[in-house]
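Participant: Supplied in structure tokens, the structure appears directly below.
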Amino acid sequence: MSKLIPTNVITGFLGAGKTTVILELLKNRPTGERWAVLINEFGEIGIDAGIVQSLATDPGQLHIREVPGGCMCCTAGLPMQVALNQLIRQARPDRLLIEPTGLGHPREILATLHGRHYIDVLDIRATLTLVDARRIADSRYASHEIFRQQLEVADVVVASKADLYADGDLVNLKTYLQQLRQVSVEPVPVSLGVLPQHWLERPHAFHSHDHHHHHDDVFAISAELPDNGVLLRRNHGSGYHSIGWVFDRRYQFDQEALASLFMALDVERLKAVVRTDRGGCTYNLSDGVLSMNPVLNELEDSRIECLAEEDSGFTSLQQQLESCLTDGAE
């Protein structure tokens, strides 16, 4: 019988730092190991997979598939299984990481992974839930159904961005977890996304459930771009709205102008991986802080996605983006 693939679900609410942790795990994976990552995003465009691939130091040993356009558990029937099956078949990985959207219900994903299709394929290890302890003081997060469920299913609670905590933040998280799970839970503080890999080897205790939820229809991004080379997609659900664009490679942005625009936006999250006048660049806006990193690998297009509780601010955004284009397009 083939060796079972060690598999971890890495979940967490919006802005918890999942992609940063995954990038660090990939950077420090054992030499010669081939890892695969299945990524789901709330938005329709698919940013995280592009960011991970563009920043990979050894892309030949890394295989990525994405399930864009909503919560992966809602597509945990056909779309998730098709993507997962293709990823396993093509990559034959030594380890599999699964990153659901920050607005995803992880129990349904775990139920799929424990189903008969994968019982002889996957070795389900610890589910890791990332949480920024500073969020506990904000009832929009602490009382959100998905935020709570992500922590309920965690085998390991990772207190991300711990270098930014004030006195009392970690204690507040421990108190919240005690009340939520009725047992003492000791979070693992992590700074700059650096999580020791031994936490991936912790055992998994599947939390059975009968939870179901309604979700709007999910539409995957089309592979075909319009003649003008710009694709716009929207999504909404779980109290949030997303808007995203794909600009084909004929378009190039002014890196600094784009950064100034992003900093002025009133959004919950923004992610982008973009062809600029200074080379490829990733942008990540969270908690009002914009981080930028150069891209290591060639970009075939530019992708930008915003997420907010209200979509009224999206009206003029495409025009603002187009004002940041340079004359250096191909």
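Participant: Taking the options Leu200, Leu192, Leu180, Leu164, name whichever one is touching a residue at least 12 places away in the same chain (Cβ under 8 Å) and surrounded by 17 or more Cβ atoms within 10 Å (Cβ to Cβ).
Facilitator: Leu200
Participant: Go through region 126-148 and give me each residue that's of a type in the set (A, V, I, L, M) and either surrounded by fewer than 17 Cβ atoms within 10 Å (Cβ to Cβ) or more than 17 Å from Ser191 (Cβ to Cβ) (or both).
Facilitator: Answer for region 126-148, where residues must be of a type in the set (A, V, I, L, M) and either surrounded by fewer than 17 Cβ atoms within 10 Å (Cβ to Cβ) or more than 17 Å from Ser191 (Cβ to Cβ) (or both): Ala126, Ile136, Ala137, Ala142, Ile146.
Participant: Are any of the residues in region 181-190 in contact with a helix residue (DSSP H, G or I) (Cβ under 6 Å, 6 or more places away or on another chain) and at pLDDT below 85?
Facilitator: no
Participant: Yes or no: region 69-86 includes at least one residue that is under 16 Å from Asp123 (Cα atoms) and modelled with pLDDT of 90 or more.
Facilitator: Yes.
Participant: What is the number of the single condition among (1) in a strand (DSSP E or B); (2) within 24 Å of His236 (Cβ to Cβ) that Gly313 does not meet?
Facilitator: Gly313 satisfies every listed condition except (1).
Participant: Give me the pairs, please: first residue somewhere in region 230-249 and within 18 Å of Leu265 (Cα to Cα) and in contact (Cβ under 8 Å) with a residue 60 or more places away in the chain, second residue anywhere and assigned to a strand (DSSP E or B) and of a type in the set (Asp, Glu), beta-carbon distance under 6 Å, and either six or more positions apart or on two chains.
Facilitator: Once the first residue is within 18 Å of Leu265 (Cα to Cα) and in contact (Cβ under 8 Å) with a residue 60 or more places away in the chain and sits in region 230-249, its partners that are assigned to a strand (DSSP E or B) and of a type in the set (Asp, Glu) give Gly244/Glu305.
Participant: Please state which one of Leu173, Leu164 is more than 21 Å from the chain's Cα centre (by Cα), over 25 Å from Arg29 (Cβ atoms) and either among the hydrophobic types (A, V, I, L, M, F, W, C) or not assigned by TED's automatic domain parsing to the domain that holds Pro30 (or both).
Facilitator: Leu173
Participant: Can you pull out every residue in region 93-134 that is basic (Lys, Arg) and at pLDDT 95 or above?
Facilitator: Within region 93-134, Arg95, Arg125, Arg134 qualify.
Participant: Quick check: anything in region 247-254 farther than 30 Å from Val153 by Cα, in contact with a Cys (Cβ under 6 Å, 6 or more places away or on another chain), at pLDDT 95 or above and surrounded by 14 or more Cβ atoms within 10 Å (Cβ to Cβ)?
Facilitator: yes
Participant: I want to confirm something. Restricting to region 73-131 and keeping residues that are charged (D, E, K, R) and in a loop (DSSP other than H, G, I, E, B), which single residue is nearest to His144 (Cα to Cα)?
Facilitator: Out of the qualifying residues, it is Arg116.
Participant: Let me ask something else about it. Could you list, in sequence order, the residues of region 156-195 that are basic (Lys, Arg) and touching a Gly at 6+ places or on another chain (Cβ under 8 Å)?
Facilitator: Lys161 - this is the single residue of region 156-195 that is basic (Lys, Arg) and touching a Gly at 6+ places or on another chain (Cβ under 8 Å).
Participant: Can you tell me which residues in region 27-60 are at pLDDT 75 or above, surrounded by fewer than 20 Cβ atoms within 10 Å (Cβ to Cβ), polar (S, T, N, Q) and in contact with a helix residue (DSSP H, G or I) (Cβ under 9 Å, 6 or more places away or on another chain)?
Facilitator: Asn28
Participant: Still on this structure: From the list Leu97, Leu103, Leu151, which residue is farther than 26 Å from Thr31 by Cβ, touching a strand residue (DSSP E or B) at 6+ places or on another chain (Cβ under 6 Å) and buried (at least 16 other Cβ atoms within 10 Å of the Cβ)?
Facilitator: Testing whether each residue is farther than 26 Å from Thr31 by Cβ, touching a strand residue (DSSP E or B) at 6+ places or on another chain (Cβ under 6 Å) and buried (at least 16 other Cβ atoms within 10 Å of the Cβ) leaves just Leu151.
Participant: Do any strands (runs of 3 or more DSSP E) entirely within region 218-298 hold 3 or more residues that are in contact with a helix residue (DSSP H, G or I) (Cβ under 7 Å, 6 or more places away or on another chain), among the β-branched types (Val, Ile, Thr) and not assigned by TED's automatic domain parsing to the domain that holds Val52, and if so, which?
Facilitator: Filter on region 218-298 gives 269-276.
Participant: Is it the case, given these coordinates, that Leu317 is in contact with a Cys (Cβ under 8 Å, 6 or more places away or on another chain), surrounded by fewer than 19 Cβ atoms within 10 Å (Cβ to Cβ) and modelled with pLDDT of 90 or more?
Facilitator: yes
The values are calculated or read from the model by the stated rules, or taken from the named source; none is laboratory data. Model, not experiment: these values are computed from the prediction. As a convention, Cβ positions derive from the backbone with ideal geometry for all residues, glycine included, and neighbour counts pool all protein chains shown.
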